[in-house]
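These notes are about the structure you will find just below.
The values are calculated or read from the model by the stated rules, or taken from the named source; none is laboratory data. The shown structure was predicted, so the numbers you read here are calculated from the model rather than taken from an experiment. Cβ placement follows ideal geometry from the backbone for every residue including glycine, while neighbour counts extend to all protein chains displayed. With ligands, DNA and RNA removed, areas are computed over all heavy atoms of the protein, side chains included. Shrake-Rupley method; radii C 1.70, N 1.55, O 1.52, S 1.80 Å.
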Amino acid sequence: MKLDGKVTIITGASGGIGKSAAKKVLEEGSKVVLVSRDRNRLRKTVEEIGRNDNLIYAAADVSHESEVLSVIEQTLAAFDKIDILINCAAIINDPTPFHSMTEDQWTNLINVNLKGTFQPIKAVIPIMMEQKSGNIVNISSLLGIRAIPKVPFSVYGVTKAGIIMLTKSIAVEYGQYNIRCNCIAPSTIRSPIMEPYLQDENAKRMLEGSFPLKRIGEPEDVSNAILFLASEDSKWITGSVMALDGGISAKL
């Protein structure tokens with residue numbers, strides 16, 4: 001039980017990676033607070049995982065400070081402390097050339113991906129400082145590290161690059177309080193967004209063939225890495241960016 005006695009908040013918890021992470025940390029003994037904007041999807045996630053005394057959920061838009069602070073209050077009321085924050089909340093736009101991006105698209109990506117990571121970190125830091133321990137795991141993207149030809153996700157990449165720099169800055173600024181902050185940068189992970197591409201056998205073959213390991217990632221591949229970074233197995237790792245990409249960045 002690598003997380004026995006810990007309390008974990010997971011944002012974006014009704015998505016594939018968030019749901020997989022929730023199952024993983026629960027199995028390892030943590031109490032868990034699931035956070036998502038969609039209350040109905042949260043309820044379905046809880047039913048799928050299985051209701052128990054170590055699991056609660058809170059509907060919130062994590063780009064709004066007041067809603068994040070409400071989640072913090074609910075967490076402390078239920079479990080008395082916060083040990084781990086896993087930031088999975090994110091959106092991605094349809095592939096769009098940069099010059100065709102609208103201001104609304106830009107703002108939406110910035111609000112969900114960047115502010116939605118900033119606000120929860122800002123809220124938990126004082127609690128972690130007071131208890132002199134804490135662990136933050138952010139989910140970025142390989143597109144936050146590299147611009148890939150014929151993949152027009154420039155603004156999405158900007159938000160994910162911002163998460164990487166935020167990770168490093170938090171690690172350096174708050175390491176003195178025994179607070180760790182790390183980041184995972186996945187490439188293509190199986191999700192509802194990806195399913196239409198995977199239904200086309202030619203598209204699927206080309207996509208999978210681009211990876212040295214000849215497959216795309218699964219949510220469990222990410223949650224396994226999350227567990228490593230959230231546990232004491234990685235106790236001397238902070239400010240790091242873990243590329244989780246089936247080896248594709250090694251050949252770009």
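Check the stretch 30-44 and report whether any residue there is free of Cβ contacts under 8 Å to residues at least 24 places away in the same chain, part of a helix (DSSP H, G or I) and under 22 Å from E232 (Cβ atoms).
First, the residues of the stretch 30-44 that are free of Cβ contacts under 8 Å to residues at least 24 places away in the same chain: 39-40, 43.
Now narrow it down to the ones that are part of a helix (DSSP H, G or I): 39-40, 43.
The next check asks that each one be under 22 Å from E232 (Cβ atoms); those that pass are none.
Looking through the stretch 30-44, none of the residues is free of Cβ contacts under 8 Å to residues at least 24 places away in the same chain, part of a helix (DSSP H, G or I) and under 22 Å from E232 (Cβ atoms).
When A203, A230, A225 are screened for being free of Cβ contacts under 8 Å to residues at least 60 places away in the same chain and in contact with a strand residue (DSSP E or B) (Cβ under 7 Å, 6 or more places away or on another chain), only A225 passes.
Return the residue satisfying two criteria in turn: it lies in the stretch 44-55 and is of a type outside the set (V, I, T) and under 15 Å from S20 (Cα atoms), and of such residues it is surrounded by the most Cβ atoms within 10 Å (Cβ to Cβ). Result: L55. When the stretch 169-180 is filtered for residues that are part of a helix (DSSP H, G or I) and surrounded by fewer than 22 Cβ atoms within 10 Å (Cβ to Cβ), the ones remaining, listed by number, are S169, A171, V172, E173, Y174, G175, Q176, Y177. Taking the conditions (1) modelled with pLDDT under 95; (2) under 23 Å from R190 (Cβ atoms); (3) not hydroxyl-bearing (S, T, Y) in turn, N52 satisfies each one other than (2). I'd like to check something: does the stretch 92-111 contain any residue that is at pLDDT 95 or above, under 21 Å from the mean Cα position of the chain (by Cα) and among the small types (G, A, S)? No, the stretch 92-111 contains no residue that is at pLDDT 95 or above, under 21 Å from the mean Cα position of the chain (by Cα) and among the small types (G, A, S). Restricting attention to the stretch 98-126, the residues that are surrounded by fewer than 16 Cβ atoms within 10 Å (Cβ to Cβ) and more than 12 Å from V155 (Cβ to Cβ) add up to 2. (1) in contact (Cβ under 8 Å) with a residue 12 or more places away in the chain; (2) closer than 23 Å to G217 by Cβ: which one isn't true of P149, the others all being true? Looking at each condition in turn, P149 falls short on (1). Of note, M129 satisfies the criterion of being farther than 20 Å from S240 by Cβ, of a type outside the set (D, E, K, R), in contact with a Phe, Trp or Tyr (Cβ under 8 Å, 6 or more places away or on another chain) and open to solvent by 20 Å² or more (accessible area, probe 1.4 Å).
A quick yes/no check of all residues on (1) over 17 Å from S20 (Cα atoms); (2) of a type in the set (K, R); (3) open to solvent by 40 Å² or more (accessible area, probe 1.4 Å):
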| site | (1), (2), (3) |
| --- | --- |
| K214 | yes, yes, yes |
| G217 | no, no, no |
| D221 | no, no, yes |
| I226 | no, no, no |
| S231 | no, no, no |
| I237 | yes, no, yes |
| M242 | yes, no, yes |
| G247 | yes, no, no |
| A250 | yes, no, yes |
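Suppose the filter is under 19 Å from the mean Cα position of the chain (by Cα) and either outside any loop (DSSP other than H, G, I, E, B) or at pLDDT 95 or above (or both); does L213 pass it? No; evaluated as a whole, the condition is false for this residue. Mind checking whether some residue in the stretch 181-198 is more than 18 Å from G16 (Cβ to Cβ) and assigned to a loop (DSSP other than H, G, I, E, B)? Checked the stretch 181-198: no residue is more than 18 Å from G16 (Cβ to Cβ) and assigned to a loop (DSSP other than H, G, I, E, B).
Just checking, how many residues over the stretch 63-97 are touching a residue at least 60 places away in the same chain (Cβ under 8 Å), part of a helix (DSSP H, G or I) and open to solvent by 70 Å² or more (accessible area, probe 1.4 Å)? Going through the stretch 63-97 one residue at a time, the tally reaches 0. Taking the criterion of being surrounded by fewer than 19 Cβ atoms within 10 Å (Cβ to Cβ) and at pLDDT 95 or above, would at least one residue in the stretch 186-202 satisfy it? No: the stretch 186-202 contains no residue that is surrounded by fewer than 19 Cβ atoms within 10 Å (Cβ to Cβ) and at pLDDT 95 or above.
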